[in-house]
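Enquirer: Starting off with a structure, shown below.
The values are calculated or read from the model by the stated rules, or taken from the named source; none is laboratory data. On a predicted model such as this, the values are computed, not experimentally measured, just so you know. Because the Cβ atoms are built from the backbone with ideal geometry, glycine has one as well, and the counts that use them run over all protein chains shown.
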Amino acid sequence: MSKAPPLFSEIEKLATEQRNPRSRNIDTESVRGVLDIISSEDRLVAEAVATQLDYIADAVDIIVESFNAGGRLFYAGAGTSGRLGILDASECPPTFGSDPDMVQGLIAGGPAAVFKSQEGAEDLTENGHDAIREAGVKSGDVVCGIAASRRTPYVVGAVERAKHIGCKTLFITCTPRSEFNLDVDIAICPVVGPEVIMGSTRMKSGTAQKMVLNMLTTASMIRIGKVYENMMVDLQMTNAKLVERSKRTVMIVTGVDYSTASAVLDRGGGHVKTALVMHLAKVSLEEAASRLRASRGFVRGAIEGIGYEPD
């Protein structure tokens, strides 16, 4: 009998590669039965993520410290994990008005892998090293590896290289913490259990990763002043929907009607934050901008004049 290679044995033991006893007969189910099983398993994901909130909070603190010092957040992943990182990064500018360079996603195989699997691209740690170098990652940046199995060579290589150049490093995996052995600053380990379809980590594992990524960037953006109350106030008015959302935000916060909100935004240069400070603090465009700089971009502080000293 031939002996299985070491990689086979390693993969065989992974939590993400186990069979799920609750879906063993899924191929005999009706469509509704299939969906019931998937839905039942999906409900376990939020609970798994909730067990990691302390670690996620620590990761947010690291990201915010980097952002405040001019640093950036890089995600590194392969396959589904890489695509999720790119998705989260790409949604930050329209949502929070952040610079596109502030959060970036790196994927094994490069941009082509977003749309079509690039087989083998994830298998070399050197590819991860190269991705970090080619992206111009610097010591003040944060690099977050994303790999459901924890073992993906490309992701491990990216995090290793980031650590070597002095970056803070994070890692999101669905492997139990007791089995996590990489040298990173913060590991986030939501254990979602075996997938409905064995090894299909685009399912529960992918959902868990997406939830964590949402938390990391949303909480970080809140902590650097991108949100007022529970509204996006640094969004970019780049399409009709965002233009109308901006007007609605001004209406909700200030109580003015539609036409007045439009006029307030015009006076604020189309910037919701500036328009709100101008209207609520009854100040000029120049003073509103100065107040926002003094308050580090926080609308509440700018309205109250915290840190602002008039000329």
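Enquirer: Could you say which residue among G136, G157, G166 is without any contact (Cβ under 8 Å) to a residue 40 or more places away in the chain and crowded, with 23+ Cβ neighbours inside 10 Å?
Expert: On the way: G136 fails: crowded, with 23+ Cβ neighbours inside 10 Å; G166 fails: crowded, with 23+ Cβ neighbours inside 10 Å.
When all the criteria are applied, what remains is G157.
Enquirer: Oh, and also: Conditions first: (1) touching a Phe, Trp or Tyr at 6+ places or on another chain (Cβ under 6 Å); (2) not in a helix (DSSP H, G or I). N127 passes all but one, so which condition is the exception?
Expert: Failed condition: (2).
Enquirer: Tell me, please, whether a residue that is at pLDDT below 95, surrounded by 20 or more Cβ atoms within 10 Å (Cβ to Cβ) and within 30 Å of V243 (Cβ to Cβ) can be found in segment 98-107.
Expert: For segment 98-107, residues at pLDDT below 95, surrounded by 20 or more Cβ atoms within 10 Å (Cβ to Cβ) and within 30 Å of V243 (Cβ to Cβ): present.
Enquirer: Assess whether K247 counts as being outside the structural domain of D58 (by TED's automatic domain parsing), free of Cβ contacts under 8 Å to residues at least 40 places away in the same chain and not hydroxyl-bearing (S, T, Y). Steps first, please.
Expert: Numbers: outside the structural domain of D58 (by TED's automatic domain parsing): yes; free of Cβ contacts under 8 Å to residues at least 40 places away in the same chain: yes; not hydroxyl-bearing (S, T, Y): yes.
Yes: the conditions hold for K247.
Enquirer: Of the residues in segment 256-293, how many are of a type in the set (G, A, S) and under 33 Å from the mean Cα position of the chain (by Cα)?
Expert: Taking segment 256-293 as the starting set, the residues that turn out to be of a type in the set (G, A, S) are 259, 261-263, 268-270, 275, 281, 284, 288-290.
Then drop every residue that is not under 33 Å from the mean Cα position of the chain (by Cα), which leaves 261-262, 268-270, 275, 288-290.
Residues flagged as of a type in the set (G, A, S) and under 33 Å from the mean Cα position of the chain (by Cα) within segment 256-293 amount to 9.
Enquirer: Out of (1) among the β-branched types (V, I, T); (2) in contact (Cβ under 8 Å) with a residue 12 or more places away in the chain; (3) crowded, with 17+ Cβ neighbours inside 10 Å, what's the single condition that is false for I252?
Expert: Against the list (1) among the β-branched types (V, I, T); (2) in contact (Cβ under 8 Å) with a residue 12 or more places away in the chain; (3) crowded, with 17+ Cβ neighbours inside 10 Å, I252 comes up short only on (3).
Enquirer: Quick one: what pairs do we get from segment 296-311, first residue at pLDDT 90 or above, second crowded, with 18+ Cβ neighbours inside 10 Å and assigned to a loop (DSSP other than H, G, I, E, B), C-beta under 7 Å, 6+ apart or different chains?
Expert: R296/G225; G297/I224; G297/G225; F298/G225; V299/V233; G301/S295; A302/S295
Enquirer: Still on this structure, please answer the following. If A113 satisfies all but one of (1) touching a helix residue (DSSP H, G or I) at 6+ places or on another chain (Cβ under 8 Å); (2) of a type in the set (A, V, I, L, M); (3) touching a residue at least 60 places away in the same chain (Cβ under 8 Å); (4) assigned to a helix (DSSP H, G or I), what's the number of the condition it fails?
Expert: (3)
Enquirer: Also, quick follow-up: Working carefully through the options T238, T254, find the one that is polar (S, T, N, Q) and closer than 27 Å to P100 by Cα. Don't jump to the end; show me each part of the working.
Expert: Details: T254 fails: closer than 27 Å to P100 by Cα.
T238 is the lone residue from the list that is polar (S, T, N, Q) and closer than 27 Å to P100 by Cα.
Enquirer: I would also like to ask the following. Of the conditions (1) closer than 26 Å to D42 by Cβ; (2) of a type in the set (S, T, N, Q); (3) touching a strand residue (DSSP E or B) at 6+ places or on another chain (Cβ under 7 Å), S205 fails just one. Which one is it?
Expert: (3)
Enquirer: From L276, L213, grab the single residue that is under 30 Å from T16 (Cα atoms), aliphatic (A, V, I, L, M) and buried (at least 22 other Cβ atoms within 10 Å of the Cβ).
Expert: On the way: L276 fails: under 30 Å from T16 (Cα atoms).
Result of the check over L276, L213: L213.
Enquirer: Taking V233 and the conditions (1) crowded, with 21+ Cβ neighbours inside 10 Å; (2) modelled with pLDDT of 95 or more, which numbered condition does it fall short on, given that it satisfies the others?
Expert: (2)
Enquirer: While we're on this one: Scan A69, A89, A57, A76 and give me the residue that is exposed (fewer than 15 other Cβ atoms within 10 Å of the Cβ), within 16 Å of the chain's Cα centre (by Cα), of a type outside the set (S, T, N, Q) and modelled with pLDDT of 95 or more. Quick ask: steps written out before the conclusion?
Expert: On the way: A69 fails: within 16 Å of the chain's Cα centre (by Cα); A89 fails: exposed (fewer than 15 other Cβ atoms within 10 Å of the Cβ); A76 fails: exposed (fewer than 15 other Cβ atoms within 10 Å of the Cβ).
One residue alone meets the criteria, A57.
Enquirer: List, please: which pairs have Cβ atoms under 9 Å, are six or more places apart or on different chains, and start with a residue in segment 62-82 that is over 14 Å from A131 (Cβ atoms) and end with one that is of a type in the set (F, W, Y)?
Expert: Final answer for the pair search is L73/F67.
Enquirer: Just to be sure, is I132 within 16 Å of V184 (Cα to Cα), assigned to a helix (DSSP H, G or I) and touching a helix residue (DSSP H, G or I) at 6+ places or on another chain (Cβ under 6 Å)?
Expert: Working: within 16 Å of V184 (Cα to Cα): yes; assigned to a helix (DSSP H, G or I): yes; touching a helix residue (DSSP H, G or I) at 6+ places or on another chain (Cβ under 6 Å): yes.
So I132 fits the description; yes.
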